[in-house]
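S.K.: After the structure tokens below, expect a handful of questions from me.
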Amino acid sequence: MRNINHETVTQAVLASMSNCASERLLSVMKGLVQHLHAFASEVKLTEDEWFNAIQFLTEVGAMTNDNRQEFVLLSDTLGLSMLVTAQNNRKPAACTEATVLGPFYVAGAPEFDNGDDISNGAPGVPCFVSGTVRGLSGGPVAGASLDIWQSDEDGFYDVQKVPDALGDVTHRARGRLHTRADGSFNFRSILAEPYSVPHDGPVGRMLATLGRPPWRPAHLHFWIRAQGYEPLITHVFRNDDPYLDSDPVFGVRSTLITDWIKHGAGVMPDGSVSTTEFYTLDYDFVLNPLGNMA
Ligand code: BEZ
Ligand code: FE
């Protein structure tokens, strides 16, 4: 282990890990070291560039806290999150496709009944969402839990607001409900609008330097869990959205794009009367049975 040079260092690092007790960890770390070294050699990384990269990662860490996950954002904008999601969620074509989780999911969101308004005061155009959850064979999935979350009309999730801005409210435009016996669900919320990923930190600087727009197409997040089925983490997108082909996190799938129907003022699905326009969205989900491969 002496006189290591650019030709022998990779092998030396691999050999240094030979006492690792975990086969899986060893194989992941070997791959990481090999690819990292190959990358640095291929682009002929300079010392200044290496130092800048260390500084950049240090800033990513410093920006990360309980409410802000700059590392997840880095993974998302480098396409790593979508790669990991895609390679771990291969399923029959008839199943609803998965996409990125994103940094704004919150465990333990409030429970709602079907028909409730989950916006909880978040500003936006009223939107009534309905659909069914079915298994691959077509049968309804009763009692599936649906976690739903979205940004408001200003493009912010509740967790991005300073606590005082929400007063006593802890959650807005997010919640959990369960499908009925026939697999159906429905709730009221607000219209999803395009929003920019947080770009006031190092990842935003990276996007700007690379000439990449930070705008995500409008979407509603779903995390659906049901006994006997693979969990499904996905979005539903609007087909009138200008950013569908420039998503900075590479999360758009054609099968997840649908019509969000605009209605003029009048009676809304819950029987109340709106003096302004409102939207309806109907989308059905198909879950893959556990252990069923593509
Ligand atoms: C989101 O959809 O919430 C999201 C995903 C990736 C990065 C930022 C936001
Ligand atoms: Fe989102």
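A quick yes/no check of all residues on (1) away from ligand 2 (no atom under 12 Å from the Cβ); (2) in contact with an Asp or Glu (Cβ under 9 Å, 6 or more places away or on another chain); (3) in contact (Cβ under 8 Å) with a residue 60 or more places away in the chain:
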| residue | (1), (2), (3) |
| --- | --- |
| Ala218 | no, yes, no |
| His221 | no, yes, yes |
| Arg225 | yes, yes, yes |
| His235 | no, no, yes |
| Leu244 | yes, no, no |
| Arg253 | yes, yes, yes |
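S.K.: Applying the selection to the stretch 180-207, what residues are open to solvent by 40 Å² or more (accessible area, probe 1.4 Å), closer than 23 Å to Glu277 by Cα and part of a loop (DSSP other than H, G, I, E, B)?
M.R.: Once the filter is applied, which keeps residues that are open to solvent by 40 Å² or more (accessible area, probe 1.4 Å), closer than 23 Å to Glu277 by Cα and part of a loop (DSSP other than H, G, I, E, B), the stretch 180-207 yields only Glu193.
S.K.: Continuing with the same structure: Return yes when Ile190 is within 14 Å of the chain's Cα centre (by Cα) and within 15 Å of ligand 2 (Cβ to nearest atom) and no when it is not.
M.R.: no
S.K.: Looking at (1) over 22 Å from Phe250 (Cβ atoms); (2) open to solvent by less than 90 Å² (accessible area, probe 1.4 Å); (3) in contact with a helix residue (DSSP H, G or I) (Cβ under 8 Å, 6 or more places away or on another chain), can you tell me which one Ile54 breaks?
M.R.: Result: Ile54 passes all but (3).
S.K.: On to the next question. With farther than 30 Å from Ala53 by Cα, among the hydroxyl-bearing types (Ser, Thr, Tyr) and open to solvent by less than 40 Å² (accessible area, probe 1.4 Å) as the only criterion, which of Thr170, Thr132, Thr99 stands out?
M.R.: Going through Thr170, Thr132, Thr99 in turn, just one is farther than 30 Å from Ala53 by Cα, among the hydroxyl-bearing types (Ser, Thr, Tyr) and open to solvent by less than 40 Å² (accessible area, probe 1.4 Å): Thr132.
S.K.: How many of the residues in the stretch 1-35 are closer than 23 Å to Val84 by Cβ, exposed (fewer than 12 other Cβ atoms within 10 Å of the Cβ) and among the basic types (Lys, Arg)?
M.R.: Total meeting the criteria: 1.
S.K.: Then there is this: For Arg216, indicate whether it is over 30 Å from Val267 (Cβ atoms) and open to solvent by less than 40 Å² (accessible area, probe 1.4 Å).
M.R.: yes
S.K.: While we're looking at this one, here's another question. Pull up the stretch 142-159, narrow it to residues that are within 14 Å of ligand 1 (Cβ to nearest atom) and more than 14 Å from Arg176 (Cβ to Cβ), then point me to the one that is surrounded by the fewest Cβ atoms within 10 Å (Cβ to Cβ).
M.R.: Result: Gly155.
S.K.: To continue, here is another question. State whether the residues of the stretch 113-134 include one that is in contact (Cβ under 8 Å) with a residue 12 or more places away in the chain, closer than 30 Å to Arg212 by Cα and within 16 Å of ligand 2 (Cβ to nearest atom).
M.R.: Yes, that holds for at least one residue.
S.K.: Still on this structure, I have one more. Return yes when Leu210 is of a type in the set (A, V, I, L, M) and under 22 Å from Leu83 (Cβ atoms) and no when it is not.
M.R.: Criteria met by Leu210.
S.K.: Tally up the residues in the stretch 60-88 that are away from ligand 2 (no atom under 16 Å from the Cβ) and open to solvent by 50 Å² or more (accessible area, probe 1.4 Å), please.
M.R.: Final tally of qualifying residues: 11.
S.K.: While we're looking at this one, here's another question. Anything in the stretch 76-116 that is assigned to a loop (DSSP other than H, G, I, E, B), under 25 Å from Leu207 (Cα atoms) and either acidic (Asp, Glu) or in contact with a His (Cβ under 6 Å, 6 or more places away or on another chain) (or both)? List them, or say none.
M.R.: The one that is assigned to a loop (DSSP other than H, G, I, E, B), under 25 Å from Leu207 (Cα atoms) and either acidic (Asp, Glu) or in contact with a His (Cβ under 6 Å, 6 or more places away or on another chain) (or both): Thr99.
The values are calculated or read from the model by the stated rules, or taken from the named source; none is laboratory data. What you are looking at is a predicted structure, and each value in this text was computed from that prediction instead of being measured. All Cβ positions, glycine included, derive from the backbone under ideal geometry; neighbour counts span all protein chains shown. In case anyone asks, the SASA skips ligands and DNA or RNA and just uses the protein heavy atoms, side chains included. Shrake-Rupley method; radii C 1.70, N 1.55, O 1.52, S 1.80 Å.
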